[in-house]
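Participant: This structure is in structure tokens; I'll ask about it shortly.
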Amino acid sequence: MKFWIMHDTNFGNGKLLAETMSAVCSENHEVRIGDIKKVSVEEIINDMPDVLILGAAIRMFQGGPLSKKWLKKLDNELEKSNKSIRYGAGFITHGLPSNKIQGWVKRYMNKLKKAQNVREIYFPCFTGQVEGQEGPFKDGVLEQAKKFVEEFQNWMQES
Ligand SMILES: Cc1cc2nc3c(=O)[nH]c(=O)nc-3n(C[C@H](O)[C@H](O)[C@H](O)COP(=O)(O)O)c2cc1C
């Protein structure tokens with residue numbers, strides 16, 4: 001299958017997470033990575049992946065507004081071109097502890113669920129906490145990310 005893993009990164013943590021996930025998926029699949037600020041939704045639609053993993057970051061108490069906007073545009077353009085992406089998953093990077101960000105995570109996943117042209121959404125969302133505001137990731141996050149994509153791949157195989 002063809003994967004796109006998208007991130008919205010300022011300090012490189014989201015990109016590192018995407019690369020870590022890609023290292024696992026690319027054993028069995030064709031994987032491309034992109035920054036939502038640089039890769040247009042048209043480019044994705046031209047390439048037509050089977051799988052989209054969409055990353056976001058919580059900044060200034062907002063849960064990934066750029067990623068949500070990008071997703072909405074993608075969904076609209078998919079609709080216009082009568083295409084769809086079969087599988088979707090999400091991840092969020094954050095500075096606050098996990099128990100403080102669950103509201104943003106839920107709202108982010110609701111947006112993924114609402115994107116009708118990304119048909120089957122995997123739950124839960126992966127969340128990666130950074131040290132302070134800029135990172136690096138807390139211990140163990142990258143290992144957990146590998147496990148997350150392994151489980152996501154198993155879920156796709158079973159569905
Ligand atoms: C100006 C600023 C505001 C931030 N606000 C929040 C916040 O409200 N909640 C939170 O959990 N993390 C916050 N963070 C931490 C970001 O989530 C973190 O920098 C980002 O996820 C790291 O990913 P990146 O390196 O891919 O940009 C903030 C960081 C910056 C620089």
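Every read-out reported here was derived from the displayed coordinates using simple, explicitly stated rules and does not represent laboratory data. All of these numbers come straight from a predicted model, not from anything done at the bench. Here the Cβ is made from the backbone with ideal geometry for all residues, glycine too, and neighbour counts use every protein chain on show.
Participant: Mind pulling the angle between the C-alpha long axis of helix 141-158 and the longest principal axis of the chain? Nearest 10 degrees, somewhere in 0 to 90.
Facilitator: 30 degrees
Participant: Please identify the longest segment of the chain free of exposed GluC sites (Glu not before Pro), where exposed means a DSSP state other than H, G, I, E or B and no more than 16 other Cβ atoms within 10 Å.
Facilitator: For GluC sites (Glu not before Pro) (loop position, at most 16 other Cβ atoms within 10 Å), the longest site-free span of the chain is 28-130.
Participant: Turning to a different aspect of this structure: By how many degrees, 0 to 90 and rounded to 10, does the Cα axis of helix 65-80 deviate from the longest principal axis of the chain?
Facilitator: With rounding to tens, the tilt is 10 degrees.
Participant: Using 0.36 nm times the number of residues separating ALA23 and ASP35, minus their current alpha carbon distance, what extension gain do you get?
Facilitator: My answer for the length gained is 2.6 nm.
Participant: Which whole-number percent gives the relative contact order of the chain, counting Cα pairs below 8 Å spaced six or more residues apart?
Facilitator: 25 percent
Participant: Out of the chymotrypsin sites (Phe, Trp or Tyr not before Pro) in segment 56-159, which ones are loop residues according to DSSP with at most 15 other C-beta atoms within 10 Å?
Facilitator: Passing both the DSSP loop test and the Cβ count: PHE61.
Participant: Could you tell me which trypsin sites (Lys or Arg not before Pro) in segment 1-79 are loop residues by DSSP with no more than 16 other beta carbons within 10 angstrom of their beta carbon?
Facilitator: Here the sparse-neighbourhood loop sites are LYS37, LYS38.
Participant: Using R₀ = 35 Å, calculate the FRET efficiency as 1/(1 + (r/R₀)^6) where r is the Cβ-Cβ separation of GLU151 and ASN82; round to 0.05.
Facilitator: 0.65
Participant: Quick one: of the DSSP bridges fully inside the chain, what percent are antiparallel, nearest 5? Let's see the in-between values first.
Facilitator: Details: 3 of 27 bridges.
The answer is about 10 percent antiparallel.
Participant: Moving on. Against the longest principal axis of the chain, how steep is helix 102-114, in degrees 0 to 90 to the nearest 10, with axes from Cα atoms?
Facilitator: Roughly 0 degrees between the two axes.
Participant: Per DSSP H run of at least 4 residues, take -39500 (n - 2.57); add these up for the chain, divide by its residues and hand me the 222 nm value, nearest 500 deg cm²/dmol.
Facilitator: Roughly -13500 deg cm²/dmol at 222 nm, from the helical runs in the chain.
Participant: Of LYS73/LYS146; LYS80/LYS138; LYS15/LYS83; LYS15/LYS80; LYS2/LYS80, which ones are farther than 32 Å apart at the Cα?
Facilitator: Checking Cα-Cα distances, LYS80/LYS138 exceed 32 Å.
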